[in-house]
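First up is the structure itself, then whatever we jot down about it.
The values are calculated or read from the model by the stated rules, or taken from the named source; none is laboratory data. Being a predicted model, the structure only gives us computed values, none of them experimental. Reconstructed Cβ throughout: ideal geometry from the backbone, glycine too, with neighbour counts over all protein chains shown. Each accessible area value is taken on the protein alone, full model and side chains, heavy atoms only, with ligands, DNA and RNA left out. Shrake-Rupley method; radii C 1.70, N 1.55, O 1.52, S 1.80 Å.
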Amino acid sequence: LLSFAMSVCGWAVLAVAVALGYLVQANLGTLAYGKELGFAAAEACALHQLPTPCEDLTAFRPGALFAGGGDLWSTFALGSEQAVAGAIYLVEGTKVTPLPILGEPPKLVLHGIYFSARSRRLYGVNHDEATGESIEVFDVLEEDGVSLKHAGSIRSPLFANFALNDVVEGAGKDEVYVTEWQAAAFPAGGKRGLSSAPLELRLKRALSSPLTFFKVPLTRVFRCTVSTQRCSVASSARFVGANGIAISDDRHTVFVNDAPAQRLTVLARQPDGSLEEVSSFGLKHIVDNLEMTADGALHAGTIPFPYASASVCQEAPALSASKVVSGRPVSCGAQPGGLLEIGLLGTGESARGKSFVDGRQTDILTHDGTALDGVSSALRVGAKVVLGSPHAKGLLFCDAPDLKRSPAEDGIVDTRRGS
């Protein structure tokens, strides 16, 4: 009997080891060590210097977009008090103008932003510890040029310190949806405050990287009513790290990017404002922010080589690597990224709402990371592709490729399915 029990235990240990090995190998694949990809010519891109990074971009009008300046990496490391104050910029062609703001908003440490052409409002996730994690709301004024008026702030007990990521307007200007990319709050003062944080928070932060690596879905999407500042969990769907969010033109469908899972989830808005998952599909790269284009496609900032990303290089350096791709070095400090266009194919409508799968996923442009380390957002404006980063200062302007040329000429790769 003892030998039988020992045999069972041995097989159980072996099964756990095999399962763990499989999980490790499967998740290491997400880091894309063997990926090949073409890059834009170095002379095709030029950096516009700014005091802070611009983590997100949002379309404003033809030929113009908004960029949200936020000193995010310093904030996460040292707290928002140490951060350089951000700004909201109007980008027209290659002209970048900081916008005047009427009213008294908190210190701007902007993460995701969204402009609504319906309400003429601009929304931004903000990480100012002095006033609390928030969604900032601005009216966009267009008299004698473009300016902003601070319309208010949304705060909730659901918003953990530095845990929010991106935002969109819902059915109307009284409704917003916001993603949560961190399952555990950052301590006060950022990572520097971890040593003096409560034990429970220290344990949660210590588990953050392993939980992300093994793709444990714990993060959420919140729905907030602007007028009452009441927020609730919008959906039963959970994500490894709910990141970029976009909404369809009819405001019936919400798209959420789960960056660590390399997957996009489609959620249908229900009559009560809640969101119900109707479909999901894989992406050819890890991506960050999303923006719905006028023709119904999604544009996303890409992280094609996660092993060189700032997150991996800082949080899990043992998983980082230095490689040569298409004749150019890819490593920590020179993380490529670019613009991915995701076509959408409707697959029908049920009582829950419309569902979609991906059509063609096309790399419009990829920068090699030498001028801008890491990309979180990417949009086309006129003859340029504009790239923003979560930690590298400034905006990168690259010549938009001629899509009439052959894909090989511009380093463009098409796929019917993400991986």
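Sorting 238-245, 117-124, 287-294, 90-97 by their mean Cβ neighbour count within 10 Å, with the most densely packed peptide first, gives 238-245, 287-294, 117-124, 90-97.
Legend: P(r) of region 100-147 from all alpha carbon pair distances, 5 Å bins from 0, whole percents, reading 5, 20, 27, 26, 14, 6, 2.
For the chain, the 222 nm mean residue ellipticity estimated from helices alone, with every DSSP H stretch of n ≥ 4 adding -39500 (n - 2.57) and the total spread over all residues, rounds to -4500 deg cm²/dmol.
Rounded to the nearest Hz, the phi-derived 3J(HN,Hα) couplings of region 43-59 under the Karplus curve 6.51 cos²θ - 1.76 cosθ + 1.60 (θ = phi - 60°) are 6, 7, 10, 9, 8, 9, 5, 9, x, 9, x, 10, 5, 9, 10, 9, 5, where x marks glycine and proline. A viscosity of 1.567 mPa s and a temperature of 4 °C, combined with the Kirkwood radius over Cα pairs in Stokes-Einstein, give a translational diffusion coefficient for the chain of 59 µm²/s. Shape annotation for region 118-263: C-alpha extents along the principal axes are 51, 33, 27 Å, from largest to smallest. Between A130 and S236, the contour length at 0.36 nm per residue exceeds the Cα-Cα span by 35.0 nm. By the equivalent-ellipsoid construction on the alpha carbon gyration tensor, region 223-321 comes out with semi-axes of 28, 16, 12 Å, ordered largest to smallest.
With the simple spin-label model, which puts each label point 7 Å out from Cα in the Cβ direction, the K95 to Y33 separation comes to 5.0 nm. Using the Cβ of E277 as centre and a radius below 15 Å, the other residues enclosed give a net charge of +4, where K and R count +1 and D and E count -1.
Straight Cα distances below 20 angstrom link K95 to the aspartates and glutamates E43, E55, D56, E142, E143, D144, D399, with same-chain residues fewer than 8 positions distant left out.
Remark: spin-label model distance A383-R61 equals 2.2 nm, labels positioned 7 Å along the Cα→Cβ axis. Karplus-derived 3J(HN,Hα) values for region 142-152, using 6.51 cos²θ - 1.76 cosθ + 1.60 with θ = phi - 60°, are 10, 9, 6, x, 9, 8, 10, 10, 5, 9, x Hz; glycine and proline are entered as x. So if R0 is 41 Å, what FRET efficiency would S326 and S196 give, r being the distance between their Cβ atoms, rounded to the nearest 0.05? The formula returns an efficiency of 0.35 here. Extension gain, D295 to K149, is 49.6 nm, computed as 0.36 nm per intervening residue step minus the present C-alpha separation. Rolling a 1.4 angstrom probe over the protein heavy atoms with all chains in place gives the chain an accessible area of 42 Å² per residue. DSSP finds beta bridges in the chain, and of those with both partners inside it, around 95 percent are antiparallel. Label-to-label distance, E81 versus T228, with points set 7 angstrom from Cα along the beta-carbon direction: 3.6 nm.
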